[in-house]
Amino acid sequence: MFGNLAARPWVRWLTFAARQIIGFVLIVAGAIKLPWPEASVLAVRAYQLLPFDLTRPVGYALPVIEVVVGLLLVLGLFTRLAGWLGALTMVAFIIGISWVWAHGISIDCGCFGGGGETENGIAQYPWEIARDVGLLACGVWAGLFPRSPLALDNWLFASGQPPEPADDDELEESRA
Amino acid sequence: MTQSRREALRRQQESQQRAKRLQRVIIVGAIVLAVVVAGVFATIFISQLNKPSAVPGASAGVPVNATADQSGIIVNPGKFADGVPKAEIFLDYQCPVCKQFETTFGPTLDDLASKGEIQLIYRTMTFLDSNLRNDSSSRAGIAAACADNAGAFAAYHGAIFAGQPETEGTGYTTQQLRVDFAATAGITGDKLTPFQQCYDNRATADFVQGTNEAASKGGVNSTPTIMVNGTKLDNNTVFQQSAEAFRQTILTTKGNG
């Protein structure tokens, strides 16, 4: 669909930048929470969004998912899939923050550790959502235009020939 | 002829390359998945290590005055009549506002409880352990539950808050929980050894974890939370009340059921 666009150098470099940004943020956010899964469970519970029994699996899995997806993006491995997964987590966070905002629940989003109820959490929501929308855009961009320089994908999906513009379609097929 | 043979050769090469690539993708994909699974299990394992749990074989897990559903401890068992308001206080022993609440309204609650005008239940939570990255809330909860078996729950509860460190996160020392608070609460003589054994074996650890879970499950995410007949009181209102107004609130709040 975007075959012509994807071949442009600036698009590829933009993908490179996008995956570094969202990837780095995901790694940091996940790594902070990783050693303290119970705190992560509490942060999830504070949203009062998920059914109680789901909060523990989500609280445990989320930091791991963040770190893994972040690493994939920074390394440029399975960029298309990782880009969409990163975008998906951002959508989930945006929904979560919108939910607590709409319900007037004042919490620390727990985005980078912490979490739970706080005094003036609501004031932070617009900025948090703006940040997540920006990261969402990075993820979507990487999902749409997964080819980029300095990516392990270039080795993984190498066809054994010097890359040509026509490669893009083949590349997309192989990952579909 | 030559043309088509070259074409065939090229196709063969291409399909070989494609197979190789597919293999590579599958291997790398499998490695990534393995890392994810290992990561999840490592996280679960580490969190289990951080959690205080009962020493295997320890007995006397549930304090004598626990509520029937083991979600808390009744402060004034046998002193209240049927139909009096049920006041439930959700607290974490490391929470400074809980100490403030205890200091301000504890005497009122104790008075109401000892006169049998209310049923008073303390529901211990331990989530600050996760936030503060220590295990003092759990250990204090375990000790308080042990104190109930020594017949000194309310006194020990008061002693913990009286000895709460100035800085949130400092936590409680073993000396404080085993010896100092016990002395303050009047756990002495024959009662001291069983109390300390109970604490050393973390005998009530599962009970305390259960009270925390039950509170979270009931939608309580912060402490102190005061519930009367199942209705949550608004903390902003409560903390501006005089002791007398608070007493009236407790006595007159209708249930939600």
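The values are calculated or read from the model by the stated rules, or taken from the named source; none is laboratory data. The structure presented is a predicted model; accordingly, all values stated were derived computationally and were not measured. Note: ideal-geometry Cβ built from the backbone for every residue, glycine included; neighbour counts use all protein chains shown. Only protein heavy atoms, including side chains, enter the accessible area calculation; ligands, DNA and RNA are left aside. Shrake-Rupley method; radii C 1.70, N 1.55, O 1.52, S 1.80 Å.
Table for the structure above
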| quantity | calculated |
| --- | --- |
| The range B:89-235: equivalent-ellipsoid semi-axes (sqrt of 5 x gyration tensor eigenvalues, Cα, Å) | 22, 18, 15 |
| Under-5 Å amide H pairs with B:ASP92, H placed in peptide plane, nonlocal only | B:MET125 |
| DSSP beta bridge pairing in the protein assembly as shown, given as percent antiparallel to the nearest 5 | 60 percent |
| Among beta bridges that DSSP assigns inside the range B:73-252, antiparallel share in %, nearest 5 | 55 percent |
| Kirkwood-based Rg to Rh ratio, the protein assembly as shown, C-alpha trace | 1.15 |
| Cysteines without a disulfide-compatible neighbour (Cβ-Cβ under 4.7 Å), chain B | none |
| Number of partner chain Cβ atoms within 10 Å, mean per residue of B:18-30 | 3 |
| Inter-label distance, nm, simple model (7 Å from Cα along the C-beta direction), A:GLU117/B:ARG6 | 7.8 nm |
| Lys, Arg +1 and Asp, Glu -1 on Cβ, resulting dipole of the protein assembly as shown about Cα centre, debye, nearest 20 | 1480 debye |
| Integer Hz, Karplus 6.51/-1.76/1.60 couplings in order for the range A:95-108, x for Gly and Pro | 4, x, 5, 4, 4, 5, 4, 4, 8, x, 8, 9, 10, 7 |
| Tensor-based shape of the range A:30-104 (alpha-carbon gyration tensor, a/c under 1.5 rounded, otherwise prolate or oblate) | oblate |
| Kirkwood hydrodynamic radius (C-alpha pairs) into Stokes-Einstein, the range B:209-251, 10 °C and 1.306 mPa s, D in µm²/s | 138 µm²/s |
| Solvent-accessible surface (1.4 angstrom probe) belonging to B:LEU49, in square angstrom, nearest 10 | 120 Å² |
| Kirkwood Rh, Cα atoms: Rg over Rh of the range B:1-50 | 1.53 |
| Residues with amide H under 5 Å from that of B:LYS86, placed H, sequence gap 5 or more | B:GLN119, B:ASN229 |
| Surface accessible to a 1.4 Å probe, A:LEU34 within the full protein complex, Å² | 60 Å² |
| Folded to 0 to 90 degrees: helix B:136-149 orientation relative to chain B principal axis, Cα | 40 degrees |
| Cα shape, chain A, gyration tensor, a/c 1.5 rule | prolate |
| Per-residue [θ]222 nm for chain B (sum of -39500 (n - 2.57) over DSSP H runs n ≥ 4, rounded to 500) | -17000 deg cm²/dmol |
| For residues of A:32-38, the mean tally of beta carbons on other chains within 10 Å | 5 |
| Ranked order, A:ASP132, A:ASP53 - accessible area, probe 1.4 Å, largest first | A:ASP53, A:ASP132 |
| Peptide-level mean, for A:115-128, of C-beta atoms on other protein chains within 10 Å | 1 |
| Those GluC sites (Glu not before Pro) in the range B:162-235 that DSSP places in a loop and that have at most 15 other beta carbons within 10 Å | B:GLU166, B:GLU168 |
| Residue-level accessible surface for A:TRP155, protein heavy atoms, 1.4 Å, Å² | 140 Å² |
| Sparse-neighbourhood loop sites, chymotrypsin sites (Phe, Trp or Tyr not before Pro) in the range A:1-63 - DSSP loop, at most 15 other Cβ within 10 angstrom | A:PHE2 |
| Taking chain A and dividing mean pair separation by its residue count, relative contact order in percent (alpha carbons under 8 Å, at least six apart) | 32 percent |
| Whole-Hz ³J(HN,Hα) from phi, Karplus 6.51 cos²θ - 1.76 cosθ + 1.60, for the range B:8-18, glycine and proline x | 5, 4, 4, 5, 4, 4, 4, 5, 5, 4, 5 |
| Cβ-placed point charges (K, R +1; D, E -1), dipole of chain B about Cα centre in debye, nearest 20 | 2100 debye |
| Residue-wise HN-Hα coupling along the range B:66-79, computed from phi with Karplus coefficients 6.51, -1.76, 1.60 (Hz; x: Gly, Pro) | 4, 5, 4, 8, 6, 9, x, 10, 7, 6, 10, x, x, 9 |
